[in-house]
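The values are calculated or read from the model by the stated rules, or taken from the named source; none is laboratory data. Keep in mind that this is a model prediction, so the values were computed, not measured. Cβ sites come from the backbone with ideal geometry, for glycine too, and all protein chains shown count toward neighbours. For accessibility, only protein heavy atoms count, side chains too; no ligands or nucleic acids. Shrake-Rupley method; radii C 1.70, N 1.55, O 1.52, S 1.80 Å.
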Amino acid sequence: MPAPALAAAALIALALPIPLQVAGYSYFVTVAFLVILNAMLGVGWNVIGGWAGQFDFGPNVFFAVGAYVAALLAVHLALSPWLGLVAGVGAAVVICAVLTWPITQLRGHYFAIATVAIWMIAQPIGATWELINGSRGLFLPLRPATGPLDAVVSLRFPGRSKALAFYYVILVLFAVTLVLLRMVDRSKLGFYFRAIRDDQEGAEGIGIDSRLYKVIARSITAAVFAAAGVLYAFWAPSWAASARCGARWWAPCC
Amino acid sequence: MTLVLQAVVNGLAVGLAIIWGLMEMINFAHGELLMLGMFGAWWFSTTLHLDPLLAIPPVALVMFGVGRLIYTLLMRRVQRGETFAQIFATIGLFFFLQNSAVAAFTSDYRFVEGGLLSRLSGINLHLAGLSVGLPLLIAGALALVLFLALYLLVERTEFGLALQATSEDREAAMLVGIRPQRMFAVAWGLGAALVAVAGAILANFFAAYPQVGFPFTVLAYAIVALGGFGSILGTLLAALLVGVVQSVTVVYLPPAFKDAFVFASYLLIGLLRPQGLFGKF
């Protein structure tokens, strides 16, 4: 993307929600938040699907892992979502690496179905595991933020500022993701991924361990999904509704 | 025993996805075609007041045309591209068919009533100490016949050999005078017709509604991979295996884990034999 177009896109992304918010259309700001969230998932999937060329149907499992890890830490240890983000991403990367290593010996359709298999196995576990409250979902404790700093640290934004604040949080996270993935794209890692996609035997011939780099590619995808999942988990509780029993969140994909 | 048989019938029904396995294609709208077959049987029995089993020939004919149409309008255009294009095209088809069904029939659950199979329910056959419901036995036999017909068609007729040749080497097939696009069009028609017939049979046991298809699609994908892409007998055995695994699982674990164990056995077998049970490559 040429620099002027990039700058224009960034400017639009930064400025767009403000008139909407001022005019009282915070619903559209929420839609914009979800758009950026999905864009983030898209660029994340591009690593395993686009660069490494492996069809992955189950990255939503890691969306749930990130969301659940951060939410569990918030419920039991009252940890800040930002620390939860680090923990959730870390947990997703480790789980993804362990789960993906055995299935990387499968190729094409068979790899794709193996990722479906992991998703289908994770789903009933998520729906029945008592630690994460089964299909009822986890309830994040509600308390009002004590000040602007606490609002940012604990991602609790009062009233209608919530939509706008979460929009900018996801925008920052999306920008960081783009920059990091750009670095991956231009590094040796990116070339390895594309070499495996274009010609796996050829890539192995020049000494690229295809299984290792497929695991790395999928773990990067998992990390992006987990980060988005953490943010989604803290966005999903609605402040207005059900203030008595705490708001409910659930993992939408998994 | 009834449970096992029901699971096996389901497996057989979706195992007909093997026709896409033969073409090395993945059809994510497979369950949606099944859903259309169910709605066809329901529509037939409620508006014409005929037995849903009589709906099988017209449903098969119409869906043959639908399958051909899907190939010529959609799949022919993406076939030459990457596998990704095919997968996304059929995912698009999945959404299109599902939402069309919502628009046409609404999301209500539709039940087929008064059919021959539902009148026979309650009649059990006692075979060697096992009690088996007659309707399921008939459904299972019909599904087996469909499978056998497909097997004979693909392995024993000139058309089947031409289809296999086309999927193995398109250019070589053209050199000996096979027209690939025509082969694929007929195969799509057959695939759609077969799975819709399976849907018309299943409509006697399940409610028809627009979202009924997706679990069947996922299961079909696993069954075809378990049997090995391109092997009809492998798919048949995989369908039986999946039926047994599902019904054994629900005895010991929450029903939610029914599919999880199917996929766990896919992973186990897939890691020991990456080409599936009977895959050739």
Taking every alpha carbon pair in the protein assembly as shown and sorting the distances into 20 angstrom bins from 0 up to the bin holding the longest one, the percent per bin comes out as 19, 48, 29, 3
Angle between chain A longest axis and helix A:26-45 axis [Cα atoms, degrees, rounded to 10]
20 degrees
If one takes the accessible area of chain B alone plus chain A alone and subtracts that of the pair, with a 1.4 Å probe, what total in Å², rounded to the nearest 100, results?
2100 Å²
For the stretch A:85-126, list whatever residues lose no less than 30 Å² of accessible surface once every protein chain is in place, relative to that chain by itself, with the probe at 1.4 Å.
A:Gln105, A:Leu106, A:His109, A:Tyr110, A:Ile113, A:Val116, A:Ala117, A:Met120, A:Ile121, A:Pro124
Compute the long axis of helix B:2-15 from its Cα atoms, compare it with the longest principal axis of the Cα atoms of chain B, and write down the angle in degrees, 0 to 90, nearest 10.
20 degrees
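State the extension gain, in nm to one decimal, for the chain segment bounded by A:Arg107 and A:Leu34, taking 0.36 nm per residue of separation less the distance between their alpha-carbons.
On the way: separation 73, 0.36 × 73 = 26.28 nm, distance 3.29 nm.
Residue separation times 0.36 nm, minus the Cα-Cα distance, leaves 23.0 nm.
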Measure of size requested: the Rg and Dmax of the stretch A:88-247, with Cα atoms as the atom set and Å as the unit; please supply both.
19.9, 62
Any idea what angle helix B:158-168 forms with the longest principal axis of chain B, computed on alpha-carbon atoms, 0 to 90 degrees, nearest 10?
70 degrees
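Quick check on chain A: helices-only [θ] at 222 nm, where DSSP H runs of length 4 and up contribute -39,500 (n - 2.57) each and the sum goes over total residues. Nearest 500, please. Please report the intermediate quantities before stating the final value.
Numbers: 11 runs with 176 residues, N = 254.
Rounded to the nearest 500, it is -23000 deg cm²/dmol.
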Name the residues of the stretch B:17-31, by number, that are at least 30 Å² less accessible with every protein chain in place than in the isolated chain; the surface is that of heavy atoms, probe 1.4 Å, without ligands or nucleic acids.
none
What's log10 of I(q)/I(0) for the stretch B:142-206 at q = 0.24 Å⁻¹, Debye sum over Cα points only, no solvent?
-0.99
Hey, in the GNM for chain B with a 10 angstrom Cα cutoff, which one of B:Glu82, B:Glu171, B:Glu155 fluctuates hardest?
B:Glu82
Straight-line reach check, A:Lys188, cutoff 14 Å on alpha carbons, 8 or more apart in-chain or any other chain, hits among aspartates and glutamates -> A:Asp209
Full-extension gain between A:Val184 and A:Ala15, please, as 0.36 nm times their residue separation minus the C-alpha to C-alpha distance.
58.0 nm
Leaving out ligands, DNA and RNA, and with a 1.4 Å probe, what % of the accessible surface on the stretch B:122-271 is carbon or sulfur?
71 percent
Surface accessible to a 1.4 Å probe, per residue, for the residues of the stretch A:98-250, Å²:
48 Å²
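If you roll a 1.4 angstrom probe over the protein chains with everything in place, what fraction of the accessible area of chain A belongs to carbon and sulfur, to the nearest %?
Numbers: 8510 of 11780 Å².
Answer for chain A is 72 percent, counting heavy atoms of protein chains only.
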HN-Hα J couplings of the stretch A:86-94 from phi, Karplus 6.51/-1.76/1.60, θ = phi - 60°, integer Hz, Gly and Pro as x?
4, 5, x, 5, x, 4, 5, 5, 5
Can you work out the Karplus-derived ³J(HN,Hα) for every residue in the stretch A:139-153? Use 6.51 cos²θ - 1.76 cosθ + 1.60 with θ = phi - 60°, whole Hz, and x for glycine or proline.
9, 7, x, 9, 8, x, 6, 7, x, x, 5, 4, 4, 6, 5
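Using a 10 Å cut-off around each Cβ of peptide B:256-269, what is the average number of partner chain Cβ atoms that fall inside? Could the numbers behind the result be given before it?
Values: counts 8, 7, 2, 5, 7, 3, 3, 10, 4, 1, 7, 9, 1, 0.
Average per residue, whole number: 5.
Per residue, how much accessible area does chain B show when a 1.4 Å probe rolls over the protein heavy atoms, in square angstrom?
Details: 12390 Å² over 281 residues.
Counting only protein heavy atoms, the per-residue value for chain B is 44 Å².
Roughly to the nearest percent, how much of the accessible area of the stretch B:8-96 is carbon and sulfur, given a 1.4 Å probe?
Values: 2510 of 3450 Å².
For the stretch B:8-96, the apolar C and S fraction of the accessible surface comes to 73 percent.
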Give the aspartates and glutamates whose C-alpha is closer than 15 Å to that of A:Lys214, dropping any in the same chain fewer than 8 places away, or say none.
A:Asp56, A:Asp185, A:Asp198, A:Asp199, A:Glu201, A:Glu204
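I need the calculated FRET efficiency for the pair B:Val251 and B:Leu134, taking r as the beta carbon distance and R₀ as 30 Å, to the nearest 0.05. It would help to have the intermediate numbers written out before the result.
Values: r = 24 Å, r/R0 = 0.78.
Here the calculated transfer efficiency is 0.80.
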Collect residues whose amide H, placed 1.01 Å from N in the peptide plane, falls under 5 Å from the amide H of A:Leu140; neighbours closer than 5 in sequence don't count.
A:Ala247, A:Trp249
May I ask you to evaluate 6.51 cos²θ - 1.76 cosθ + 1.60, the Karplus curve with θ = phi - 60°, for each residue of the stretch B:248-259 and list the ³J(HN,Hα) values in order in whole Hz, giving x for glycine and proline?
5, 4, 5, 6, 9, 10, x, x, 4, 8, 3, 6
